[in-house]
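Throughout, read-outs are computed from the coordinates displayed, never taken from laboratory work. Computed from a prediction, not measured in an experiment: that's the story for all the values here. Note that each Cβ is placed from the backbone with ideal geometry, even for glycine, and that neighbours are counted across all protein chains shown.
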Amino acid sequence: MTDESVLFVDDEEDLRLSAEQSLMLADLPVRLFARAEDALAHVGRDRASVLVTDIRMPGMDGLALMARTLEIDPALPVILVTGHGDIELAVRSMRDGAYDFLEKPYDPARLVESVRRALDKRRLVLENRALRRQVGRRDAIEARLTGRSAVIVALRQQLRAAAQTDADVLIVGETGTGKEVAARAMHKASPRSEGPFVHVNCAALPADLIESELFGHESGAFPGATRTRYGKFEHARTGTVFLDEIDSLPMPLQAKLLNAIQNRVVTRLGSNETVALDIRFIAASKGDLERAAAEGHFRADLLYRLNVITLRMPPLAARAEDIPKLFLELVHEAAARYRLPAPEVPGAVLSSVAARAWPGNVRELRNAAERFALGLDLDLGGADTPDAAHTLADRVAAHERALIAAELAAQGGSIKATYESLGLSRKALYDKMQRHRLDRSQFTEDG
């Protein structure tokens with residue numbers, strides 16, 4: 001969608017210049033045209049435009065221009081202007097789809113008022129269209145990994161592509177970035193979604209029971225094994241196994257895991273029979289597995305078998321523009337979970353949340369949201385000191401961006417409420433949002 005604009009068409013130059021002055025003084029961007037044919041080239045279904053046109057002009061007149069415009073987009077507001085006071089023509093034009101009708105000479109304030117209302121209507125139409133498209137595109141992956149930052153959008157595309165294959169996947173990222181969430185989203189979007197998702201935390205398995213937990217055992221395989229038991233891999237057949245913190249798996253077990261992944265079979269403890277596996281493996285690590293392999297702490301052949309596809313979870317600092325909206329979502333989730341009414345989140349709180357570093361990533365942000373939902377004080381400790389290597393201009397820009405994003409989130413994406421709250425004009429807010437690459441759809445309820 002392009003920037004908002006008023007397309008003003010009149011063959012009289014004095015009237016064009018007068019209208020331009022009136023609209024520009026009202027902070028309404030305008031484009032002037034002497035011919036209807038020239039204006040028609042700027043009409044588009046996804047453009048935030050309003051058409052104001054004189055009716056009686058040489059060549060294509062205003063009524064023909066309106067008809068052609070409404071063919072392109074029946075919801076684009078058209079304001080007709082005439083100097084002949086033809087009431088019958090006005091009534092017929094309104095019936096044919098005109099938004100409003102002005103009689104020359106008109107009061108400039110009347111023009112401005114009509115254009116403002118038409119732009120508000122146009123904005124609503126385009127927002128609803130965008131939301132419908134967005135809801136149509138929203139899938140299992142977007143439902144779990146929300147956000148509009150470039151890194152999270154790119155990650156969702158990679159997850160969608162990986163989900164449609166049966167290749168094994170390695171997910172790497174800092175603690176709290178959502179590796180398990182990504183794995184579950186990939187499983188849900190895959191052809192295996194009807195099968196089980198089995199989460200194995202390799203760091204939490206007791207050392208003496210790891211093999212039995214993963215591969216299962218036969219009755220009498222060891223003291224206490226009174227009956228045959230399926231391992232987690234067998235339980236996951238037709239589904240997905242998620243091996244979390246795989247870097248903590250002991251070296252002897254890594255060799256057996258390699259065999260299971262490579263050949264898709266397991267052998268239960270105490271048995272010589274192999275059991276075929278129809279499963280997909282997704283592994284996750286917060287550490288550098290390549291470095292661990294180089295240092296001899298992780299099998300290189302297992303690494304190469306796992307990282308057919310490698311996905312990297314971005315830290316929260318790399319998607320700072322998502323923080324205000326994400327915090328609001330987490331507050332509402334926590335309130336629903338504790339059966340509490342969702343509290344109002346003041347703009348000042350969102351500004352502090354946006355300006356703070358979150359070394360614990362989404363997990364730490366979630367904990368803060370839960371405290372807020374429970375009515376507990378947030379110890380945000382103020383905004384973190386920016387990197388000294390950044391220039392003053394960079395630091396000011398980052399702070400301005402965080403404040404605008406926080407206010408947009410607090411106002412549910414409402415442009416009017418945001419620029420009024422920040423003491424800006426509409427145009428100034430749009431300019432700043434464009435400069436900081438902020439899109440209001442990031443902050444709407446369905447965005």
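Say R0 is 22 Å: what FRET efficiency, to the nearest 0.05, do LEU124 and ASP377 get from their beta-carbon distance? For R0 = 22 Å, the calculated efficiency reads 0.05. The ranking of ILE282, ILE152 by Cβ neighbour count inside 10 Å, starting from the fewest, reads ILE152, ILE282. Taking Cβ atoms as reference points and 13 Å as the exclusive limit, the residues near ASN307 contribute a net charge of -2, counting Lys and Arg as +1 and Asp and Glu as -1. Here LYS256 is the anchor, and the aspartates and glutamates within straight C-alpha reach of less than 14 Å, apart from those fewer than 8 places off in the same chain, are GLU211, GLU213, ASP301. Taking Kirkwood radius over Cα pairs in Å as the quantity of interest, determine which of (i) 26.4; (ii) 28.8; (iii) 25.0 was computed from the displayed structure. This structure yields the entry labelled (i). Summing charges over neighbours of PHE215, with a neighbour being any other residue whose Cβ is under 15 Å away from its Cβ, gives 0 when K and R count +1 and D and E count -1. A Förster radius of 30 Å, combined with the Cβ-Cβ distance separating ALA207 from GLU295, puts the computed FRET efficiency at roughly 0.90.
For the stretch 55-130, the calculated P(r) over all alpha carbon pairs, in 10 Å bins from 0 to the bin holding the longest distance, is 18, 48, 29, 4 percent.
The long axis of helix 13-25 is offset from the longest Cα principal axis of the chain by roughly 50 degrees.
When LYS325, LYS104, LYS232 are sorted by how many other C-beta atoms sit within 10 angstrom of their C-beta, beginning with the fewest, the order is LYS104, LYS232, LYS325. If one takes the longest principal axis of the Cα atoms in the chain, at what angle in degrees, from 0 to 90 and to the nearest 10, does the Cα axis of helix 108-137 lie? Value to nearest ten degrees: 20.
The length gained on full extension between GLU273 and GLU113, counted as 0.36 nm times the residue separation minus their Cα-Cα distance, comes to 49.4 nm.
Place a point 7 Å from the Cα of ARG56 along the Cα-to-Cβ direction; which residues of the stretch 97-128 have their backbone N under 19 Å from it? Those under the cut-off are 101-107.
By the gyration tensor of its Cα atoms, with a ≥ b ≥ c the square roots of the eigenvalues, what is the shape of the stretch 1-61: rounded for a/c under 1.5, prolate for a/b over b/c, or oblate? Verdict is oblate for the stretch 1-61. Modelled label positions at LEU89 and ALA41, each set 7 Å beyond Cα in the direction of Cβ, lie 2.7 nm from each other. Overall shape: prolate for the stretch 145-312, with the ratio a/c of the largest to smallest alpha carbon gyration tensor axis at 1.5 or above and a/b above b/c. By DSSP, what percent of the beta bridges with both residues in the chain are antiparallel, rounded to the nearest 5? Counting only bridges with both partners in the chain, antiparallel ones make up about 10 percent. Listed peptides 176-183, 300-307 appear in the order 176-183, 300-307 once ranked by packing, highest mean of other Cβ atoms within 10 Å at the front.
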